[in-house]
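Report on one structure; see the data block that follows.
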Amino acid sequence: RWNEGEHNATALTREITERGYTGSEQTVQRYLRRYRDGRPAPAPAPKPPTVRETSRWILTDPDHLGEDDALALKKILERSPELTRLDKHVRGFAKIMKGLRGHEIEQWIAAVEADTLPALTSFATGLRRDLDAVRNGLSLPHS
């Protein structure tokens with residue numbers, strides 16, 4: 001808004017308070033001092049992807065992701081070792097499912113249990129409880 005010509009700290013404080021800002025007008029005034037010499041305020045940072053978007057990208061076959069989504073996922077995975085490990089496990093499970101390779105499920109479960117991703121470990125533990133049915137479901141063309 002500063003770059004659009006709104007230079008009144010009181011008005012800007014009112015606007016951002018309506019959007020959830022809980023700080024003081026004095027803090028806004030201090031922040032704006034650096035731009036009073038005519039420099040433009042920096043452009044807002046791009047909105048980070050939501051958890052839902054990130055989950056969808058990880059759960060989608062990479063061949064079915066659009067270029068923009070694939071690039072966004074790549075950037076996120078570069079910044080997060082935990083998500084990178086999660087992505088690897090999810091893609092491994094998808095290969096087992098799609099390829100009807102149920103004989104590989106125990107190895108996949110062991111790899112997940114050795115990792116430190118609690119939600120995925122819980123999923124793997126659930127699979128282990130009924131391993132024969134899971135193996136058959138992942139091996140046979142119908143279940």
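The values are calculated or read from the model by the stated rules, or taken from the named source; none is laboratory data. Because the structure is a prediction, the values reported are computed rather than measured. Please note: Cβ atoms are built from the backbone with ideal geometry, for glycine as well, and neighbour counts cover all protein chains shown. Quick note on the areas: whole protein, heavy atoms, side chains included, nothing else; ligands and nucleic acids left out. Shrake-Rupley method; radii C 1.70, N 1.55, O 1.52, S 1.80 Å.
Could you give the length gained by full extension between residue 121 and residue 100, i.e. 0.36 nm per residue of separation minus their alpha carbon distance, to one decimal place? Please report the intermediate quantities before stating the final value.
On the way: separation 21, 0.36 × 21 = 7.56 nm, distance 2.17 nm.
So the chain would gain 5.4 nm between residue 121 and residue 100.
With contacts taken as Cα pairs under 8 Å and at least 6 residues apart, segment 1-88 reaches a relative contact order of 19 percent.
Using only the Cα atoms of segment 61-143, build the gyration tensor, take square roots of its eigenvalues as a ≥ b ≥ c, and label the shape rounded, prolate or oblate: rounded if a/c is under 1.5, else prolate if a/b is larger than b/c, else oblate. Present the calculation step by step, with values, prior to reporting the outcome.
Working: a/c = 3.21, a/b = 1.48, b/c = 2.17.
Oblate, since a/c reaches 1.5 and b/c is not below a/b.
Working note: 222 nm ellipticity from helices only, DSSP H runs with n ≥ 4, each -39,500 (n - 2.57), summed and divided by the residues of the chain, gives -18500 deg cm²/dmol to the nearest 500. Rounded to the nearest whole Hz, the Karplus-based 3J(HN,Hα) values (6.51 cos²θ - 1.76 cosθ + 1.60, θ = phi - 60°) of segment 124-137 follow the sequence 5, 4, x, 5, 5, 4, 10, 4, 4, 5, 5, 4, 5, x, with x at glycine and proline.
Using Cα centres only, tell me the gap between segment 81-97 and segment 1-60 in whole Å. The distance from the Cα centre of segment 81-97 to that of segment 1-60 comes to 36 Å.
Measuring with a 1.4 Å probe in the full set of protein chains, what accessible area per residue, in whole Å², belongs to the chain? Working shown, then result.
Values: 10310 Å² over 143 residues.
About 72 Å² of surface per residue is accessible.
Run through segment 36-143 and list the trypsin sites (Lys or Arg not before Pro) located in a DSSP loop whose Cβ has at most 10 other Cβ atoms within 10 Å. Intermediate values should be presented prior to the final figure.
Details: sites: 36, 52, 56, 74, 75, 79, 85, 88, 91, 95, 98, 101, 128, 129, 135; in loops: 36, 101.
Of the trypsin sites (Lys or Arg not before Pro), the ones in loops of segment 36-143 whose Cβ has at most 10 other Cβ atoms within 10 Å are 36.
Sequence gap of 8 or more, or different chains, plus Cα separation below 17 Å: how many lysine pairs satisfy both in the chain?
Numbers: 47/74; 47/75; 74/88; 75/88; 88/98.
Lysine pair count for the chain: 5.
Computed over the chain with a Gaussian network model linking Cα atoms closer than 10 Å, the most mobile of 16, 76, 58 is 16. Here are a few candidate values for percent of Cα pairs over 24 Å apart: [x] 35; [y] 27; [z] 55. Which one was actually calculated from the structure I just gave you? Only one option fits the structure, namely [z]. Simple point charges give the picture: +1 on the Cβ of Lys and Arg, -1 on the Cβ of Asp and Glu, and for the chain a dipole about the Cα centre of about 400 debye. Here's how it looks for residue 41: its modeled amide H is under 5 Å from those of 3, which are all 5 or more places away or on a different chain.
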